[in-house]
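Visitor: One structure, pasted below without further comment.
Coordinate-derived values only; no laboratory data. Worth saying up front: this structure is predicted, and the values here are computed from it rather than measured. Positions of Cβ are generated from backbone atoms using ideal geometry, with glycine treated the same way; all protein chains shown enter the neighbour counts.
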Amino acid sequence: MQERKGIVTFKGNAMTLLGPEIRVGDKAPDFRAVDAGLAPVALADFGGKIKVISCVPSLDTPVCDTETRRFNQEAAKLSDKVVVIAISMDLPFAQKRWCAAAGVDRVKVLSDYQDRSFAQAYGVLIKELKLLSRSIFIVGADDVVRYVRHVPEIAQEPDYDEVLGAAAKLV
């Protein structure tokens, strides 16, 4: 598996991402994750929608909590042509509990814990931590990647205005 260094850090320490580098203009890779009920979910399940995919290390950490809550608030303002997806390695049971406690109901929360399909297809698996790096992908309704951002320091939030602006341009 391809190893990519120098893209992200965690608390100042360089991390290694496993998998391919996904670029704007690429066909979005398919993946298999699971929802809170352990039902399989794939890219095709969001066909015809603009997909804002927020990759987070763990919903049970402060930055991931803040990021997912913020995207949940912003999702209410977006067109019905847009779906916001948060994906992590957290177990579906923990994700379900967290969503209920946080009132997150507009973001589709998925778990990649079973076979790391998303992590490997999108090149966001952190070798040293076995978690997803904080990254954002926007995939058009045509399943072409339109935006990619790896947050350089995993312990920091993404630029929400930049992400939402990029999604708005596709509507």
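Visitor: Can you say what percent of the DSSP beta bridges in region 3-168, counting only those with both residues inside, are antiparallel? Round to 5.
Guide: Percentage antiparallel, nearest 5: 70.
Visitor: With r defined as the distance between the Cβ atoms of Ala14 and Leu91 and R0 fixed at 35 Å, what FRET efficiency is calculated, to the nearest 0.05? Intermediate values should be presented prior to the final figure.
Guide: Values: r = 28 Å, r/R0 = 0.80.
Step by step, r from the Cβ atoms, then E = 0.80.
Visitor: Take Thr66, Thr61 and order them by how many other Cβ atoms sit within 10 Å, fewest up front.
Guide: Thr66, Thr61
Visitor: OK, next. How high is the FRET efficiency between Glu128 and Glu153 when r is their beta carbon distance and R₀ equals 25 Å, given to the nearest 0.05?
Guide: Calculated value: 0.95.
Visitor: Now a separate question. Could you give the distance between the Cα centres of region 23-62 and region 120-171, to the whole Å?
Guide: One Cα centre to the other: 11 Å.
Visitor: What number does region 101-171 give for Rg over Rh if you use C-alpha atoms and the Kirkwood radius?
Guide: 0.97
Visitor: Sorted from fewest to most neighbouring beta carbons within 10 Å, what does the list Ser88, Ser58 look like?
Guide: Ascending Cβ contact count within 10 Å gives the list Ser58, Ser88.
Visitor: Separate question: About the Cα centre, and with charges only on the beta carbon of Lys, Arg (+1) and Asp, Glu (-1), how big is the dipole of the chain? Nearest 20 debye, please.
Guide: Roughly 60 debye, rounded to the nearest 20.
Visitor: Listed here are the pairs Lys11/Lys127; Lys81/Lys127; Lys11/Lys130; Lys5/Lys169; Lys49/Lys77; Lys5/Lys27; which of them are more than 26 Å apart at the Cα?
Guide: Lys81/Lys127; Lys5/Lys169
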